[in-house]
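Step one of this worksheet: look at the structure below.
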Amino acid sequence: MTHREGLSPPKEPDATPASSAGPEPAAAGLGGVALVVVLLGYALSIVDASIVNVALDPIGADLHGGPAALELVVSGYGLTYALGLVLGGRLGDAFGRRELYAYGLAAFTVTSALCGLAPTIEFLVTARLLQGAAAAMLVPQVLATIQAVSQGRERARAIAMYGVTAALGMVVGQILGGLLVSLDVAGIGWRSVFLINVPVGVVALLAIRRVPATRAGTRPGFDPAGTLLFGATMVCVLAVVVAGPDLDWPLWLWALLVVAAVGLWALVRVERGLEARGGSPLLSPTVLSHPGTRRGLAAVVPFQAGFGAFLFVYALIAQGHFGFHGLASGGGLAPFAVAFFAVARFTPKIVAVLGGRIVALGALVQGAGLVLLALVMGLGWPHPSLTLVLIGIALFGAGAALIGPTLFRMILADVPPAQAGMGSGVLVTSQQMATALGTTVGGTLFVSLDGPFSTATAAVLVLALLMCFAATVLVISLKLPDPR
(Lines give C-alpha, C1' and ligand atoms only; values in the text may rest on other atoms or scores of the structure.)
Protein backbone atom coordinates (compact mmCIF):
# COMPACT_ATOMS: atom_id res chain seq x y z
CA MET A 1 0.00 0.00 0.00
CA THR A 2 1.12 3.53 -0.67
CA HIS A 3 1.51 6.20 1.96
CA ARG A 4 -1.73 7.84 0.85
CA GLU A 5 -3.66 4.70 1.79
CA GLY A 6 -2.21 4.34 5.26
CA LEU A 7 -3.63 5.40 8.56
CA SER A 8 -2.57 8.98 8.02
CA PRO A 9 -5.56 11.10 7.04
CA PRO A 10 -6.47 9.89 3.54
CA LYS A 11 -8.22 12.10 1.01
CA GLU A 12 -10.59 9.69 -0.58
CA PRO A 13 -12.76 10.72 -3.48
CA ASP A 14 -16.00 9.54 -1.92
CA ALA A 15 -15.48 10.93 1.57
CA THR A 16 -16.99 14.13 2.77
CA PRO A 17 -14.37 16.84 3.33
CA ALA A 18 -13.17 17.11 6.89
CA SER A 19 -14.67 20.55 7.24
CA SER A 20 -18.15 19.28 6.51
CA ALA A 21 -20.35 17.93 9.24
CA GLY A 22 -22.65 16.14 6.84
CA PRO A 23 -22.69 12.44 6.10
CA GLU A 24 -20.58 10.87 3.40
CA PRO A 25 -22.29 10.25 0.09
CA ALA A 26 -23.66 6.79 -0.61
CA ALA A 27 -23.83 7.00 -4.36
CA ALA A 28 -20.87 4.77 -5.14
CA GLY A 29 -22.81 1.59 -4.51
CA LEU A 30 -21.48 -1.80 -3.49
CA GLY A 31 -20.73 -4.02 -6.49
CA GLY A 32 -20.90 -7.78 -6.41
CA VAL A 33 -17.13 -8.23 -6.22
CA ALA A 34 -16.80 -5.68 -3.43
CA LEU A 35 -19.53 -7.39 -1.40
CA VAL A 36 -17.85 -10.78 -1.85
CA VAL A 37 -14.51 -9.33 -0.74
CA VAL A 38 -15.84 -7.80 2.50
CA LEU A 39 -17.99 -10.83 3.30
CA LEU A 40 -15.00 -13.11 2.70
CA GLY A 41 -13.04 -11.48 5.49
CA TYR A 42 -16.07 -11.60 7.76
CA ALA A 43 -16.59 -15.29 6.95
CA LEU A 44 -12.99 -16.06 7.92
CA SER A 45 -13.49 -14.44 11.32
CA ILE A 46 -16.68 -16.42 11.98
CA VAL A 47 -15.34 -19.74 10.69
CA ASP A 48 -12.23 -19.45 12.87
CA ALA A 49 -14.38 -19.13 15.97
CA SER A 50 -15.61 -22.72 15.49
CA ILE A 51 -13.25 -24.50 13.08
CA VAL A 52 -10.74 -25.16 15.85
CA ASN A 53 -13.27 -27.04 18.01
CA VAL A 54 -12.88 -30.33 16.12
CA ALA A 55 -9.07 -30.03 16.13
CA LEU A 56 -8.52 -29.62 19.88
CA ASP A 57 -7.62 -33.27 20.53
CA PRO A 58 -4.85 -33.45 17.90
CA ILE A 59 -3.59 -29.99 18.94
CA GLY A 60 -3.31 -31.14 22.56
CA ALA A 61 -1.53 -34.36 21.57
CA ASP A 62 0.92 -32.62 19.23
CA LEU A 63 1.77 -29.57 21.34
CA HIS A 64 1.29 -31.23 24.75
CA GLY A 65 -1.39 -28.78 25.78
CA GLY A 66 -3.60 -29.40 28.80
CA PRO A 67 -7.32 -28.59 29.11
CA ALA A 68 -6.67 -25.04 30.36
CA ALA A 69 -4.37 -24.22 27.43
CA LEU A 70 -6.80 -25.70 24.92
CA GLU A 71 -9.60 -23.64 26.47
CA LEU A 72 -7.48 -20.53 25.87
CA VAL A 73 -6.99 -21.54 22.23
CA VAL A 74 -10.76 -21.26 21.83
CA SER A 75 -11.72 -18.53 24.30
CA GLY A 76 -8.64 -16.33 23.80
CA TYR A 77 -9.70 -15.63 20.23
CA GLY A 78 -13.22 -14.72 21.30
CA LEU A 79 -11.93 -12.54 24.13
CA THR A 80 -9.77 -10.17 22.06
CA TYR A 81 -12.30 -10.30 19.22
CA ALA A 82 -15.19 -9.10 21.38
CA LEU A 83 -13.06 -6.57 23.24
CA GLY A 84 -11.86 -4.75 20.14
CA LEU A 85 -14.98 -4.58 17.98
CA VAL A 86 -16.34 -1.19 19.06
CA LEU A 87 -12.88 0.40 18.94
CA GLY A 88 -12.26 -1.19 15.53
CA GLY A 89 -15.47 0.35 14.22
CA ARG A 90 -14.52 3.73 15.60
CA LEU A 91 -11.08 3.58 13.97
CA GLY A 92 -12.73 2.78 10.64
CA ASP A 93 -14.99 5.82 10.97
CA ALA A 94 -11.97 8.00 11.65
CA PHE A 95 -9.25 6.73 9.33
CA GLY A 96 -11.11 4.96 6.53
CA ARG A 97 -13.04 1.71 6.54
CA ARG A 98 -11.31 0.18 3.53
CA GLU A 99 -7.92 0.91 5.11
CA LEU A 100 -8.86 -0.65 8.46
CA TYR A 101 -10.41 -3.64 6.68
CA ALA A 102 -7.25 -4.15 4.61
CA TYR A 103 -4.93 -3.85 7.62
CA GLY A 104 -7.16 -6.12 9.69
CA LEU A 105 -7.37 -8.74 6.94
CA ALA A 106 -3.60 -8.65 6.40
CA ALA A 107 -3.03 -9.07 10.14
CA PHE A 108 -5.59 -11.88 10.26
CA THR A 109 -3.83 -13.67 7.39
CA VAL A 110 -0.41 -13.35 9.06
CA THR A 111 -1.67 -14.45 12.48
CA SER A 112 -3.46 -17.42 10.86
CA ALA A 113 -0.11 -18.49 9.41
CA LEU A 114 1.48 -18.08 12.85
CA CYS A 115 -1.24 -20.29 14.35
CA GLY A 116 -0.67 -22.95 11.72
CA LEU A 117 3.11 -22.91 12.26
CA ALA A 118 2.98 -22.74 16.07
CA PRO A 119 5.81 -24.81 17.63
CA THR A 120 4.39 -24.74 21.18
CA ILE A 121 1.02 -24.42 22.84
CA GLU A 122 2.04 -21.08 24.38
CA PHE A 123 2.89 -19.74 20.93
CA LEU A 124 -0.48 -20.91 19.59
CA VAL A 125 -2.41 -19.22 22.43
CA THR A 126 -0.55 -15.94 21.81
CA ALA A 127 -1.17 -16.15 18.06
CA ARG A 128 -4.89 -16.79 18.67
CA LEU A 129 -5.12 -13.69 20.89
CA LEU A 130 -3.54 -11.63 18.09
CA GLN A 131 -5.82 -13.27 15.52
CA GLY A 132 -8.90 -12.21 17.51
CA ALA A 133 -7.60 -8.63 17.69
CA ALA A 134 -7.08 -8.63 13.92
CA ALA A 135 -10.65 -9.87 13.40
CA ALA A 136 -11.91 -7.03 15.61
CA MET A 137 -10.17 -4.58 13.29
CA LEU A 138 -11.72 -5.88 10.06
CA VAL A 139 -15.22 -7.08 11.02
CA PRO A 140 -16.89 -3.74 11.95
CA GLN A 141 -15.87 -2.32 8.56
CA VAL A 142 -18.10 -4.85 6.75
CA LEU A 143 -21.49 -3.61 7.97
CA ALA A 144 -20.19 -0.04 8.12
CA THR A 145 -19.25 -0.15 4.42
CA ILE A 146 -22.61 -1.68 3.50
CA GLN A 147 -24.37 1.01 5.52
CA ALA A 148 -22.34 3.84 4.01
CA VAL A 149 -22.50 3.02 0.29
CA SER A 150 -25.78 1.20 -0.30
CA GLN A 151 -29.45 2.10 -0.06
CA GLY A 152 -32.88 0.54 -0.42
CA ARG A 153 -33.05 -2.94 -1.91
CA GLU A 154 -29.32 -3.11 -2.48
CA ARG A 155 -28.71 -2.54 1.23
CA ALA A 156 -31.41 -5.05 2.20
CA ARG A 157 -29.83 -7.72 0.00
CA ALA A 158 -26.34 -6.97 1.29
CA ILE A 159 -27.45 -7.17 4.94
CA ALA A 160 -29.32 -10.40 4.16
CA MET A 161 -26.07 -11.86 2.79
CA TYR A 162 -24.28 -10.62 5.90
CA GLY A 163 -26.84 -12.48 8.01
CA VAL A 164 -26.31 -15.63 5.95
CA THR A 165 -22.56 -15.35 6.48
CA ALA A 166 -22.97 -14.79 10.22
CA ALA A 167 -25.19 -17.83 10.77
CA LEU A 168 -23.57 -20.24 8.32
CA GLY A 169 -19.99 -19.36 9.28
CA MET A 170 -20.09 -21.32 12.54
CA VAL A 171 -21.82 -24.30 10.91
CA VAL A 172 -19.40 -24.31 7.97
CA GLY A 173 -16.52 -23.99 10.42
CA GLN A 174 -17.45 -27.24 12.15
CA ILE A 175 -17.95 -29.07 8.85
CA LEU A 176 -14.77 -27.71 7.27
CA GLY A 177 -12.68 -28.34 10.38
CA GLY A 178 -13.79 -31.95 10.54
CA LEU A 179 -13.10 -32.42 6.83
CA LEU A 180 -9.59 -30.92 6.98
CA VAL A 181 -8.58 -32.94 10.04
CA SER A 182 -9.98 -36.13 8.50
CA LEU A 183 -8.21 -35.59 5.17
CA ASP A 184 -4.88 -34.68 6.86
CA VAL A 185 -3.96 -32.45 3.90
CA ALA A 186 -0.24 -32.74 3.01
CA GLY A 187 0.32 -34.56 6.27
CA ILE A 188 0.08 -31.36 8.34
CA GLY A 189 -2.90 -32.51 10.42
CA TRP A 190 -4.60 -29.88 12.56
CA ARG A 191 -2.43 -27.06 11.17
CA SER A 192 -4.52 -26.98 7.99
CA VAL A 193 -7.51 -25.50 9.88
CA PHE A 194 -5.46 -22.30 10.29
CA LEU A 195 -3.31 -22.34 7.17
CA ILE A 196 -6.35 -22.53 4.88
CA ASN A 197 -7.01 -18.88 5.80
CA VAL A 198 -3.77 -17.74 4.16
CA PRO A 199 -4.67 -18.22 0.45
CA VAL A 200 -8.22 -16.97 1.05
CA GLY A 201 -6.94 -13.86 2.80
CA VAL A 202 -4.39 -13.17 0.05
CA VAL A 203 -7.07 -13.43 -2.66
CA ALA A 204 -9.32 -10.98 -0.78
CA LEU A 205 -6.44 -8.54 -0.30
CA LEU A 206 -5.62 -8.61 -4.01
CA ALA A 207 -9.20 -7.46 -4.74
CA ILE A 208 -9.38 -4.85 -1.98
CA ARG A 209 -9.35 -1.98 -4.50
CA ARG A 210 -12.85 -3.02 -5.60
CA VAL A 211 -14.22 -2.01 -2.17
CA PRO A 212 -15.40 1.63 -1.98
CA ALA A 213 -13.27 3.81 0.30
CA THR A 214 -15.39 5.54 2.95
CA ARG A 215 -14.98 7.24 6.29
CA ALA A 216 -16.93 9.61 8.50
CA GLY A 217 -17.53 13.06 7.05
CA THR A 218 -15.93 14.60 10.12
CA ARG A 219 -13.20 12.65 11.83
CA PRO A 220 -14.51 11.71 15.30
CA GLY A 221 -12.40 12.40 18.34
CA PHE A 222 -11.38 9.65 20.70
CA ASP A 223 -12.67 8.87 24.15
CA PRO A 224 -9.94 7.41 26.42
CA ALA A 225 -12.12 7.26 29.54
CA GLY A 226 -15.00 5.60 27.70
CA THR A 227 -12.64 3.15 26.02
CA LEU A 228 -11.07 2.10 29.33
CA LEU A 229 -14.44 1.74 31.07
CA PHE A 230 -15.90 -0.23 28.18
CA GLY A 231 -12.84 -2.51 28.09
CA ALA A 232 -12.89 -3.13 31.84
CA THR A 233 -16.62 -3.90 31.80
CA MET A 234 -16.21 -6.29 28.87
CA VAL A 235 -13.26 -8.08 30.51
CA CYS A 236 -15.26 -8.67 33.68
CA VAL A 237 -18.28 -10.08 31.82
CA LEU A 238 -16.17 -12.21 29.47
CA ALA A 239 -14.12 -13.58 32.38
CA VAL A 240 -17.29 -14.87 34.01
CA VAL A 241 -18.58 -16.39 30.77
CA VAL A 242 -15.28 -17.96 29.70
CA ALA A 243 -13.77 -19.09 33.03
CA GLY A 244 -16.93 -19.98 34.96
CA PRO A 245 -17.39 -23.58 33.73
CA ASP A 246 -13.70 -24.48 34.23
CA LEU A 247 -13.38 -22.86 37.68
CA ASP A 248 -16.74 -24.24 38.91
CA TRP A 249 -18.19 -20.75 39.42
CA PRO A 250 -16.36 -19.52 42.56
CA LEU A 251 -17.86 -16.64 44.54
CA TRP A 252 -15.08 -14.21 43.59
CA LEU A 253 -15.90 -14.77 39.92
CA TRP A 254 -19.50 -13.73 40.46
CA ALA A 255 -18.19 -10.58 42.16
CA LEU A 256 -16.84 -9.53 38.77
CA LEU A 257 -20.43 -9.05 37.63
CA VAL A 258 -20.84 -6.42 40.35
CA VAL A 259 -17.69 -4.71 39.09
CA ALA A 260 -19.09 -4.90 35.55
CA ALA A 261 -22.36 -3.31 36.68
CA VAL A 262 -20.48 -0.43 38.31
CA GLY A 263 -18.34 -0.05 35.20
CA LEU A 264 -21.46 0.05 33.00
CA TRP A 265 -23.04 2.73 35.20
CA ALA A 266 -19.86 4.81 35.06
CA LEU A 267 -19.63 4.30 31.28
CA VAL A 268 -23.16 5.63 30.77
CA ARG A 269 -22.43 8.69 32.90
CA VAL A 270 -19.15 9.42 31.11
CA GLU A 271 -20.60 8.99 27.62
CA ARG A 272 -23.63 11.17 28.33
CA GLY A 273 -21.46 13.89 29.80
CA LEU A 274 -19.02 13.83 26.90
CA GLU A 275 -21.79 14.02 24.31
CA ALA A 276 -23.48 16.88 26.21
CA ARG A 277 -20.20 18.82 26.05
CA GLY A 278 -20.05 18.34 22.28
CA GLY A 279 -17.43 15.59 22.44
CA SER A 280 -17.30 12.31 20.53
CA PRO A 281 -18.12 9.38 22.86
CA LEU A 282 -17.09 5.81 22.03
CA LEU A 283 -20.74 4.75 22.38
CA SER A 284 -23.09 7.57 21.44
CA PRO A 285 -26.11 7.64 23.80
CA THR A 286 -28.11 9.47 21.10
CA VAL A 287 -27.52 6.75 18.52
CA LEU A 288 -28.26 3.96 20.99
CA SER A 289 -31.47 5.70 22.10
CA HIS A 290 -33.19 5.20 18.72
CA PRO A 291 -36.10 2.74 19.18
CA GLY A 292 -35.10 0.54 16.24
CA THR A 293 -31.50 0.27 17.41
CA ARG A 294 -32.34 -0.25 21.09
CA ARG A 295 -35.15 -2.78 20.61
CA GLY A 296 -33.32 -4.57 17.83
CA LEU A 297 -30.28 -5.08 20.10
CA ALA A 298 -32.62 -6.32 22.84
CA ALA A 299 -33.94 -8.96 20.44
CA VAL A 300 -30.49 -9.90 19.13
CA VAL A 301 -29.34 -11.00 22.60
CA PRO A 302 -31.86 -13.87 23.12
CA PHE A 303 -31.69 -14.74 19.42
CA GLN A 304 -27.91 -15.16 19.42
CA ALA A 305 -27.90 -16.82 22.86
CA GLY A 306 -30.34 -19.44 21.61
CA PHE A 307 -28.27 -19.97 18.47
CA GLY A 308 -25.03 -20.44 20.43
CA ALA A 309 -26.64 -22.83 22.92
CA PHE A 310 -28.27 -24.86 20.13
CA LEU A 311 -25.03 -25.44 18.22
CA PHE A 312 -23.02 -26.30 21.32
CA VAL A 313 -25.51 -28.73 22.85
CA TYR A 314 -26.09 -30.32 19.45
CA ALA A 315 -22.33 -31.01 19.24
CA LEU A 316 -22.31 -32.50 22.76
CA ILE A 317 -25.14 -34.88 21.92
CA ALA A 318 -23.93 -35.80 18.42
CA GLN A 319 -20.32 -36.45 19.44
CA GLY A 320 -20.78 -37.57 23.05
CA HIS A 321 -23.86 -39.79 22.81
CA PHE A 322 -24.02 -40.90 19.17
CA GLY A 323 -20.27 -41.10 18.61
CA PHE A 324 -20.25 -38.87 15.51
CA HIS A 325 -16.82 -37.54 14.61
CA GLY A 326 -16.29 -33.91 13.58
CA LEU A 327 -17.26 -34.35 9.92
CA ALA A 328 -20.35 -36.46 10.62
CA SER A 329 -21.40 -34.13 13.42
CA GLY A 330 -21.06 -31.10 11.16
CA GLY A 331 -22.91 -32.88 8.37
CA GLY A 332 -25.94 -33.23 10.63
CA LEU A 333 -26.23 -29.44 10.54
CA ALA A 334 -26.58 -29.42 6.76
CA PRO A 335 -30.40 -29.03 6.96
CA PHE A 336 -29.87 -25.87 9.03
CA ALA A 337 -27.48 -24.46 6.43
CA VAL A 338 -29.68 -25.34 3.45
CA ALA A 339 -32.87 -24.01 5.05
CA PHE A 340 -31.18 -20.82 6.24
CA PHE A 341 -29.66 -20.06 2.85
CA ALA A 342 -32.87 -20.84 0.95
CA VAL A 343 -35.08 -18.69 3.18
CA ALA A 344 -32.58 -15.82 3.49
CA ARG A 345 -32.62 -15.32 -0.28
CA PHE A 346 -36.29 -14.37 -0.06
CA THR A 347 -36.15 -12.39 3.19
CA PRO A 348 -36.35 -8.95 1.49
CA LYS A 349 -39.48 -10.03 -0.40
CA ILE A 350 -41.05 -11.43 2.76
CA VAL A 351 -40.28 -8.18 4.58
CA ALA A 352 -42.03 -6.25 1.80
CA VAL A 353 -45.20 -8.22 2.54
CA LEU A 354 -45.07 -8.75 6.32
CA GLY A 355 -42.97 -5.83 7.55
CA GLY A 356 -41.85 -6.24 11.15
CA ARG A 357 -44.05 -9.30 11.59
CA ILE A 358 -41.36 -11.32 9.83
CA VAL A 359 -39.42 -11.49 13.14
CA ALA A 360 -42.49 -12.85 14.93
CA LEU A 361 -42.94 -15.40 12.14
CA GLY A 362 -39.31 -16.44 12.49
CA ALA A 363 -39.67 -16.89 16.25
CA LEU A 364 -42.74 -19.07 15.71
CA VAL A 365 -40.95 -21.20 13.11
CA GLN A 366 -37.97 -21.62 15.43
CA GLY A 367 -40.31 -22.50 18.27
CA ALA A 368 -42.02 -25.15 16.11
CA GLY A 369 -38.66 -26.71 15.31
CA LEU A 370 -37.66 -26.75 18.98
CA VAL A 371 -40.99 -28.32 20.03
CA LEU A 372 -40.55 -31.02 17.36
CA LEU A 373 -37.01 -31.76 18.55
CA ALA A 374 -38.16 -31.93 22.18
CA LEU A 375 -40.92 -34.39 21.32
CA VAL A 376 -38.62 -36.54 19.19
CA MET A 377 -35.88 -36.59 21.84
CA GLY A 378 -38.26 -37.14 24.76
CA LEU A 379 -40.41 -39.85 23.19
CA GLY A 380 -37.93 -41.53 20.87
CA TRP A 381 -34.77 -41.79 22.97
CA PRO A 382 -32.35 -43.57 22.65
CA HIS A 383 -33.20 -44.00 18.97
CA PRO A 384 -34.94 -40.79 17.88
CA SER A 385 -36.16 -40.54 14.30
CA LEU A 386 -33.30 -39.11 12.24
CA THR A 387 -35.74 -37.70 9.68
CA LEU A 388 -37.71 -35.78 12.30
CA VAL A 389 -34.51 -34.53 13.94
CA LEU A 390 -33.29 -33.17 10.61
CA ILE A 391 -36.68 -31.52 9.98
CA GLY A 392 -36.49 -29.86 13.40
CA ILE A 393 -32.98 -28.59 12.67
CA ALA A 394 -34.16 -27.26 9.30
CA LEU A 395 -37.06 -25.39 10.94
CA PHE A 396 -34.66 -23.85 13.44
CA GLY A 397 -32.47 -22.67 10.54
CA ALA A 398 -35.42 -21.30 8.58
CA GLY A 399 -36.59 -19.31 11.60
CA ALA A 400 -33.10 -17.93 12.11
CA ALA A 401 -33.06 -16.73 8.49
CA LEU A 402 -36.28 -14.80 9.03
CA ILE A 403 -35.05 -13.19 12.25
CA GLY A 404 -31.33 -12.46 11.86
CA PRO A 405 -31.02 -10.35 8.69
CA THR A 406 -34.16 -8.38 9.55
CA LEU A 407 -32.88 -7.49 13.02
CA PHE A 408 -29.52 -6.40 11.61
CA ARG A 409 -31.28 -4.11 9.16
CA MET A 410 -33.51 -2.61 11.88
CA ILE A 411 -30.58 -1.97 14.22
CA LEU A 412 -28.59 -0.12 11.58
CA ALA A 413 -31.50 1.76 10.00
CA ASP A 414 -31.31 4.67 12.47
CA VAL A 415 -27.50 4.84 12.63
CA PRO A 416 -26.11 7.80 10.64
CA PRO A 417 -23.54 6.81 7.98
CA ALA A 418 -20.92 8.87 9.81
CA GLN A 419 -21.30 6.51 12.81
CA ALA A 420 -21.73 3.30 10.83
CA GLY A 421 -18.54 1.80 12.24
CA MET A 422 -19.59 2.43 15.82
CA GLY A 423 -23.06 1.00 15.16
CA SER A 424 -21.74 -2.14 13.50
CA GLY A 425 -19.18 -2.59 16.30
CA VAL A 426 -21.94 -2.48 18.92
CA LEU A 427 -24.05 -4.94 16.92
CA VAL A 428 -21.27 -7.49 16.42
CA THR A 429 -20.16 -7.13 20.06
CA SER A 430 -23.72 -7.91 21.16
CA GLN A 431 -23.73 -10.94 18.86
CA GLN A 432 -20.46 -12.28 20.24
CA MET A 433 -21.35 -11.70 23.87
CA ALA A 434 -24.80 -13.26 23.53
CA THR A 435 -23.47 -16.27 21.60
CA ALA A 436 -20.79 -16.89 24.24
CA LEU A 437 -23.35 -16.49 27.03
CA GLY A 438 -25.80 -18.87 25.35
CA THR A 439 -23.08 -21.44 24.73
CA THR A 440 -22.00 -21.32 28.37
CA VAL A 441 -25.50 -21.39 29.86
CA GLY A 442 -26.80 -24.08 27.50
CA GLY A 443 -23.70 -26.25 27.80
CA THR A 444 -23.51 -25.94 31.59
CA LEU A 445 -27.21 -26.73 31.98
CA PHE A 446 -26.96 -29.81 29.76
CA VAL A 447 -23.82 -31.18 31.43
CA SER A 448 -25.17 -30.60 34.95
CA LEU A 449 -28.49 -32.33 34.15
CA ASP A 450 -27.03 -35.18 32.11
CA GLY A 451 -25.73 -36.86 35.30
CA PRO A 452 -28.71 -36.79 37.68
CA PHE A 453 -31.22 -37.26 34.84
CA SER A 454 -31.26 -39.08 31.54
CA THR A 455 -29.69 -37.54 28.45
CA ALA A 456 -33.15 -37.22 26.91
CA THR A 457 -34.45 -35.27 29.91
CA ALA A 458 -31.39 -32.98 29.90
CA ALA A 459 -31.83 -32.34 26.17
CA VAL A 460 -35.56 -31.59 26.52
CA LEU A 461 -34.93 -29.11 29.36
CA VAL A 462 -32.27 -27.30 27.31
CA LEU A 463 -34.68 -27.18 24.38
CA ALA A 464 -37.28 -25.69 26.75
CA LEU A 465 -34.76 -22.95 27.60
CA LEU A 466 -34.30 -22.26 23.89
CA MET A 467 -38.08 -22.02 23.52
CA CYS A 468 -38.00 -19.30 26.19
CA PHE A 469 -35.39 -17.44 24.15
CA ALA A 470 -37.59 -17.72 21.04
CA ALA A 471 -40.62 -16.53 23.03
CA THR A 472 -38.62 -13.51 24.24
CA VAL A 473 -37.76 -12.62 20.65
CA LEU A 474 -41.46 -12.98 19.77
CA VAL A 475 -42.54 -10.59 22.54
CA ILE A 476 -39.90 -7.99 21.64
CA SER A 477 -40.81 -8.25 17.95
CA LEU A 478 -44.29 -6.90 18.69
CA LYS A 479 -42.73 -3.50 19.47
CA LEU A 480 -40.16 -3.39 16.67
CA PRO A 481 -40.52 -0.69 14.01
CA ASP A 482 -41.58 -1.62 10.50
CA PRO A 483 -38.36 -2.27 8.50
CA ARG A 484 -39.95 -1.44 5.12
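The values are calculated or read from the model by the stated rules, or taken from the named source; none is laboratory data. Everything quoted here is computed from the prediction, not taken from an experiment. Virtual Cβ from ideal backbone geometry, glycine too; neighbours counted across all protein chains shown. For accessibility, only protein heavy atoms count, side chains too; no ligands or nucleic acids. Shrake-Rupley method; radii C 1.70, N 1.55, O 1.52, S 1.80 Å.
Within segment 216-223, identify whether any single residue is of a type in the set (D, E), modelled with pLDDT under 90 and either assigned to a helix (DSSP H, G or I) or surrounded by fewer than 20 Cβ atoms within 10 Å (Cβ to Cβ) (or both), and answer yes or no.
Taking segment 216-223 and keeping what is of a type in the set (D, E), we get 223.
Right, trim to modelled with pLDDT under 90 and you get 223.
This time we only want the ones that are either assigned to a helix (DSSP H, G or I) or surrounded by fewer than 20 Cβ atoms within 10 Å (Cβ to Cβ) (or both), so: none.
No, because not a single residue in segment 216-223 is of a type in the set (D, E), modelled with pLDDT under 90 and either assigned to a helix (DSSP H, G or I) or surrounded by fewer than 20 Cβ atoms within 10 Å (Cβ to Cβ) (or both).
Evaluated against (1) over 25 Å from V338 (Cβ atoms); (2) touching a residue at least 12 places away in the same chain (Cβ under 8 Å), S448 falls short on exactly one condition, (2).
Criterion applied to V171, V193, V139 was being part of a helix (DSSP H, G or I) and surrounded by fewer than 24 Cβ atoms within 10 Å (Cβ to Cβ), and the one residue passing it is V171. Any residue at all in segment 424-438 that is over 19 Å from R294 (Cβ atoms), open to solvent by less than 10 Å² (accessible area, probe 1.4 Å) and under 15 Å from the mean Cα position of the chain (by Cα)? Yes, segment 424-438 contains a residue that is over 19 Å from R294 (Cβ atoms), open to solvent by less than 10 Å² (accessible area, probe 1.4 Å) and under 15 Å from the mean Cα position of the chain (by Cα).
One line per residue, one yes/no per condition, for (1) assigned to a helix (DSSP H, G or I); (2) within 19 Å of the chain's Cα centre (by Cα); (3) of a type in the set (V, I, T):
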position	(1), (2), (3)
I350	yes, no, yes
A360	yes, no, no
L375	yes, no, no
V389	yes, no, yes
G404	yes, yes, no
L407	yes, yes, no
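Name the one entry in L264, L179, L257 that is assigned to a helix (DSSP H, G or I) and within 24 Å of R128 (Cβ to Cβ). Reasoning before the result, please.
Details: L264 fails: within 24 Å of R128 (Cβ to Cβ); L257 fails: within 24 Å of R128 (Cβ to Cβ).
Being assigned to a helix (DSSP H, G or I) and within 24 Å of R128 (Cβ to Cβ) holds for just one of L264, L179, L257, which is L179.
Within segment 94-130, the set of residues being in a loop (DSSP other than H, G, I, E, B), under 15 Å from V193 (Cα atoms) and open to solvent by less than 10 Å² (accessible area, probe 1.4 Å) comprises A118 only. Picking from residues in segment 280-311 that are of a type in the set (V, I, T) and open to solvent by 40 Å² or more (accessible area, probe 1.4 Å), the one that is modelled with the lowest pLDDT is T286.
Taking V202 as the residue in question, decide whether it is assigned to a helix (DSSP H, G or I), over 19 Å from M422 (Cβ atoms) and in contact with a Cys (Cβ under 8 Å, 6 or more places away or on another chain). Can you show your working first?
Numbers: assigned to a helix (DSSP H, G or I): yes; over 19 Å from M422 (Cβ atoms): yes; in contact with a Cys (Cβ under 8 Å, 6 or more places away or on another chain): no.
Against the criterion (assigned to a helix (DSSP H, G or I), over 19 Å from M422 (Cβ atoms) and in contact with a Cys (Cβ under 8 Å, 6 or more places away or on another chain)), V202 does not qualify.
Considering the conditions (1) more than 30 Å from A400 (Cα to Cα); (2) modelled with pLDDT of 90 or more; (3) small (G, A, S), G201 is excluded by exactly one of them, (1).
Set side by side, the residues A436, A458 differ, and just one is more than 26 Å from D482 (Cβ to Cβ), among the hydrophobic types (A, V, I, L, M, F, W, C) and in contact with an Asp or Glu (Cβ under 8 Å, 6 or more places away or on another chain), which is A458. Beta carbons closer than 9 Å, at least 6 apart along the sequence or on distinct chains, pair a first residue in segment 122-149 that is without any contact (Cβ under 8 Å) to a residue 24 or more places away in the chain with a second that is part of a helix (DSSP H, G or I) and open to solvent by 20 Å² or more (accessible area, probe 1.4 Å) for F123/L114; T126/L114; A127/A113; A127/L114.
All conditions but one from (1) under 26 Å from S182 (Cα atoms); (2) in contact with a Leu (Cβ under 7 Å, 6 or more places away or on another chain); (3) buried (at least 24 other Cβ atoms within 10 Å of the Cβ) apply to L327; the one that does not is (3). Evaluate the following for P348: is it crowded, with 17+ Cβ neighbours inside 10 Å, out of contact with any strand residue (DSSP E or B) (no Cβ under 6 Å at 6 or more places or on another chain), more than 25 Å from L437 (Cβ to Cβ) and at pLDDT below 90? The answer is yes for P348. Residue-level check: of (1) in a helix (DSSP H, G or I); (2) surrounded by 23 or more Cβ atoms within 10 Å (Cβ to Cβ), A318 misses just (2).
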